[in-house]
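Worksheet for the structure shown next.
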Amino acid sequence: MYDTSDIRKGLKVLLDGNPYTVVEFQFIKPGKGAAFTRTRFKNLLSGAVIERNIRSGEKLEPANVEERTMQYLYKEADDLVFMDDKSFEQVQVRAEMIGEAADLMKDNLPCTVLFFNERPVDVTLPTFVLLEVTASEPGVAGNTAAGNVTKAATVETGGSVQVPLFINIGDMIKIDTRTHEYVERVNKK
Amino acid sequence: MSAIRGRVVARDGDDALVRTARGDVRVKHAGAAQPGDLVELEGAGLPLRRVRKYPRTEYPPRGSEVARLPPSRRGNLAARGRMMAALREFFASREFVEVDTPLVVPAPGLEVHLAAVPAGNGFLITSPEYQMKRLLAGGMERIYQVCKCFRAGEVGHHHQPEFTMLEWYRAWDDLDAIARDTEQLVAHVATAVNGRPQVTVQGKQLAVDGPWLRLTVAEAMYDHAKVAVRGDESVAELTEAVRAAGIDPGTARHWDDVFFTAFVERVEPALAAIDRPVLLADWPAPLAALARRKPGNPAVAERFEAYVGGVELANAFGELTDPIEQRARFEDDLGVRRARGLPQYPIDERFLAALGEGLPPSAGIALGVDRLAMLVLGARTIDEVVAFAAGEG
């Protein structure tokens, strides 16, 4: 069990049966009263943030969570398969857990897989990925006045991203996996 | 070429940092020169060789023990100094005597939630109140003190284990006089530093000229936590009321813990949202500490806390002058300490003897000077307004 002096950013605890991580905390102590740690916790499953005041002397239950770096291998029906680089252990994760970013995943992409009670519950992609543009209409010069400053492009993993008009097939582009947005052109192939 | 003289201010491995009239220079292969040594640079047969100008921004070198305060810290310390001058001027103009009582005492405060730091054969004070009240019993009528107090384990945005306390007392006077002093003092020092009676809390400006909003604890708990508190209910009754208000008292089993669970969750944030300072008065008897019970309503004590922008700035008592009740409260505190496995401290018999000889009706207050400086200077953490923060001593 943890007590309030163990509270720090990133501490993983179990509250009401759900795993949470500490995102922020502050020591408070009302005059003539016990000390409390005003703590903000993020639910590792839903992302929801809650605030609790933990009184000095109260205990917090550690959550059995583990983050492991794993490589994305391939898609199998509605599941994605990941492999631990060291143990070669493989796990299957439902694609919906990753959401829209799943179509930006290239083979061998190193991801962070979160395990709760030995089961994978969340996957975090690298913030940025570099992918090659495999299909896109050529940009039409002079067409920017109408506000059409971007166009759709398909990248090698099959995902579709809005890109500036100057992007061509064969360009390598950097994409933010959190927002699914184009960031910059990296180089011409 | 003539030599330049300088003084070594730091060593960084084989190099020395030398302060000269033309600025600081880093000198390579500085031999045995030690910080404090006077040296000459760039001359035939001299021990040190000038290598390059050291830009001010790179100073001090990493790992060096030379401290250079960031400009914001220097500005805050200068403003804090002006605030302290204004504070002393305030008390001098009201004919208060500045006193200086011992920091090392045989019997520190017995309050259950304070941990004293041992020192020599005694302890460092957690507050100078016992000694100051002995001065009142001894015939002093208006006294104030600015001193360090020590409370182990308290570190946070508003806490330092070693902090500066201001306490002042009025014999033959009541809590209302202390309330007026508090309003006027804060307005006075804010005006001295900022040009007007205004402070800044979390970036938000707040007028501090009086009168401040007066609220009772019962009103604040009912309005903001929907918990009715009288002060004479049992723990079970209070716990029930807190639960009924939708607040989880968790593992709290003691009256004060149940109360503060609701207070911290609902009342403190609400006080922070009020756009004027608040004097929160009439504390429930279980939280009386060293305050006397209110004549006419023994369920509450003559005690107020000053909250400015949600920051708890000061705590005031209509002083308990009855030596028998005071001894009983000390023994209760020691009983709770025993039950919770907390350190036992001696009872301050000199203080009780002074009450026995006769403490006049008095009122007094303890105010956190670092927090006052935070408010006046608009700082977000206590570290910004002290010369050295916890662990930097």
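Throughout, read-outs are computed from the coordinates displayed, never taken from laboratory work. Note that this is a predicted model, so its numbers are computed, not measured. Quick reminder, even Gly has a Cβ in these numbers, built from the backbone with ideal geometry, and neighbours come from all protein chains shown.
Is it the case that B:Ala207 is away from chain A (no Cβ under 14 Å) and not hydroxyl-bearing (Ser, Thr, Tyr)? Judged against the criteria, B:Ala207 is a match. In the condition set (1) in contact with a Ser or Thr (Cβ under 7 Å, 6 or more places away or on another chain); (2) within 8 Å of another protein chain (Cβ to nearest Cβ), A:Ser56 is compliant with all but (2). Taking (1) away from chain A (no Cβ under 14 Å); (2) in a helix (DSSP H, G or I); (3) closer than 27 Å to B:Leu215 by Cβ in turn, B:Gly318 satisfies each apart from (2). Looking across the stretch A:6-25, the residues that are touching a residue at least 40 places away in the same chain (Cβ under 8 Å) and within 13 Å of A:Ser56 (Cβ to Cβ) come down to A:Asp6, A:Ile7.
A:Met70 passes every criterion in (1) within 10 Å of chain B (Cβ to nearest Cβ); (2) out of contact with any His (no Cβ under 7 Å at 6 or more places or on another chain); (3) crowded, with 19+ Cβ neighbours inside 10 Å apart from (1). Here A:Ile50, A:Ile28 are screened, and the one residue that is in contact with a Gly (Cβ under 8 Å, 6 or more places away or on another chain) and without any contact (Cβ under 8 Å) to a residue 60 or more places away in the chain is A:Ile28. Of the residues making up the stretch A:14-38, those that are facing chain B (nearest Cβ under 10 Å) and either on the phi < 0 side of the Ramachandran plot or small (Gly, Ala, Ser) (or both) number 13. Taking (1) hydrophobic (A, V, I, L, M, F, W, C); (2) part of a helix (DSSP H, G or I); (3) free of Cβ contacts under 8 Å to residues at least 40 places away in the same chain in turn, B:Ala354 satisfies each apart from (3).
So which residues in the stretch A:160-179 are within 17 Å of A:Ala135 (Cα to Cα) and surrounded by fewer than 19 Cβ atoms within 10 Å (Cβ to Cβ), if there are any at all? The answer is A:Ser160, A:Gln162, A:Pro164, A:Leu165, A:Phe166, A:Asn168, A:Ile169, A:Gly170, A:Met172, A:Lys174. Number of residues in the stretch B:95-115 that are out of contact with any Gly (no Cβ under 7 Å at 6 or more places or on another chain) and either of a type in the set (A, V, I, L, M) or exposed (fewer than 14 other Cβ atoms within 10 Å of the Cβ) (or both) equals 11.
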